[in-house]
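Below: one structure, written as structure tokens.
Only the coordinates and a few stated rules stand behind these numbers; no lab work does. The structure presented is a predicted model; accordingly, all values stated were derived computationally and were not measured. All Cβ positions, even for glycine, are placed from backbone atoms using ideal geometry, and neighbour counts span all protein chains on display.
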């Protein structure tokens, strides 16, 4: 038998989450600072209503009442001890209440207890597969992945499979697409630095934005900015960090990352323009040494990208945007430019004409970078132009991307395998 009071409570709780998730469908982004206050106001009304119907509702269906009130109290981004207590009571009374287990898991996740949250999502799956449990377990698996590279790679791969499965259960669910994007981003670093994974990540985020419940998510824009940064789409990355900050003004990481990235790009541009601020005499010595550079493993026919090739040495002036197939660039390191998180490792290189370019090297092990004066040889250099216009700042310089340090010949020597290391990256998820 139904209960009109519980039906009304459920309607109010569903409307509360719709109001939260689609806040910017009816409010301007300038009102972002009021969002939590407005959500809390609606939550207070629900709590008052729930107190008024408590006796009747608990008599009709105590588990449903506890779950609905617990879910409502779990609406804010911070952990709620009241929500945890209510949801725990609901799951104890009904061990097969999938929604209650999922909500309790989300509550524990906010308490930063990933293991306990994972146990809840696993319990929720005992009653059948559902996208919420699968995508949340995907998050947990990435968060709890071990430091050992092989074990970590395996667990991140399992996380990616769960995220894919969640999307397949509901192709219209933007939150599941968002979590899939996060899983692709983590896989890029923990499994294989394949640029295709970054492309798939961005496609997933694009699909997520079709859903009003996901497109106003600050964490979606934040994680997409991280992906765009590693794609070296710096203009778009800065704009996404800015959007995340505007959607959640009291959350500091987006604005901090935006500022740090813009400062780093400005510093790189400065050092490229100044050729590492090296004195003329030293630069002259560098360029003279480069007339007969040590090409190491690239001096003769070599294997690049699975192909046997004889690369032709050239100058920066002879490179075109994109991959310069069949070409070889030799240069001298004139400076390094540390980044906030040391990823990528950035240094500046001059060729024999004294032209300077920035170089980004990904997946470099800690302490394995190059130093000033090293001769670096780059096969088939991938050249891009960085042109940023953001918040009254302009940045412009040329950049070469190197996906792995194993491609570089440094001072004529072949790199040891230990120069490469996977980056341990955790995407940000505020809540489901």
Helix 81-93 axis, angle to the chain major axis (alpha carbon atoms, nearest 10°):
60 degrees
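If you take every DSSP beta bridge fully contained in region 256-358, what fraction is antiparallel? Give it as a percent rounded to 5. Mind showing how you got there, number by number?
On the way: 10 of 13 bridges.
Given both bridge residues lie in region 256-358, the antiparallel proportion sits at roughly 75 percent.
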Over region 1-126: Rg over Rh, Cα atoms, Kirkwood Rh
0.99
Three principal axis lengths of region 4-246 [C-alpha, angstrom, descending]
58, 42, 28
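Pairwise over distinct Cα atoms, reciprocal of the mean inverse distance: report the Kirkwood radius of region 151-204 in Å, one decimal place. Mind dumping the intermediate values first?
Working: mean 1/r = 0.0919 Å⁻¹.
Across region 151-204, the inverse of the average 1/r is 10.9 Å.
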Cα pairs beyond 12 Å in region 358-413, in percent, come to 71 percent
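Beyond 43 Å, how much of the Cα-Cα pair distribution for the chain remains, as a whole percent? Before the final figure, lay out the partial values.
On the way: 24416 of 93096 pairs.
That fraction is 26 percent.
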Between the helical axis of 253-273 and the dominant principal axis of the chain, each derived from Cα atoms, what acute angle in degrees is found, rounded to the nearest 10?
10 degrees
Gaussian network model of the chain, Cα springs within a sub-10 Å range: biggest mean-square fluctuation belongs to which of 35, 391, 199?
391
Between helix 4-21 and the chain, what is the angle of the helix's C-alpha long axis to the longest principal axis, kept within 0 to 90° and rounded to the nearest 10?
20 degrees
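Which order results if 280, 97 are arranged by neighbouring Cβ count within 10 Å, fewest first?
Lowest count first: 280, 97.
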Which one, 56, 98, 375, has the greatest fluctuation when you compute a Gaussian network model over the chain with C-alpha springs under 10 angstrom?
56
What is the fewest-to-most order of 351, 21, 51 by other Cβ atoms lying within 10 Å of their Cβ?
51, 21, 351
Between residue 17 and residue 150, what is the spin-label point distance in nm, taking each point 7 Å from the Cα along the Cα→C-beta axis?
4.2 nm
On alpha-carbon atoms, Rg over Rh for region 284-404 using Kirkwood Rh?
0.97
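How large is Rg/Rh for region 184-224, to two decimals, with Cα atoms and a Kirkwood Rh? Working shown, then result.
Numbers: Rg = 11.0 Å, Rh = 10.6 Å.
Reported Rg/Rh, Kirkwood definition of Rh: 1.04.
Order of 160, 180 from fewest to most other C-beta atoms within 10 Å? It would help to have the intermediate numbers written out before the result.
On the way: 160 23, 180 27.
Exposure proxy ranking, most exposed first: 160, 180.
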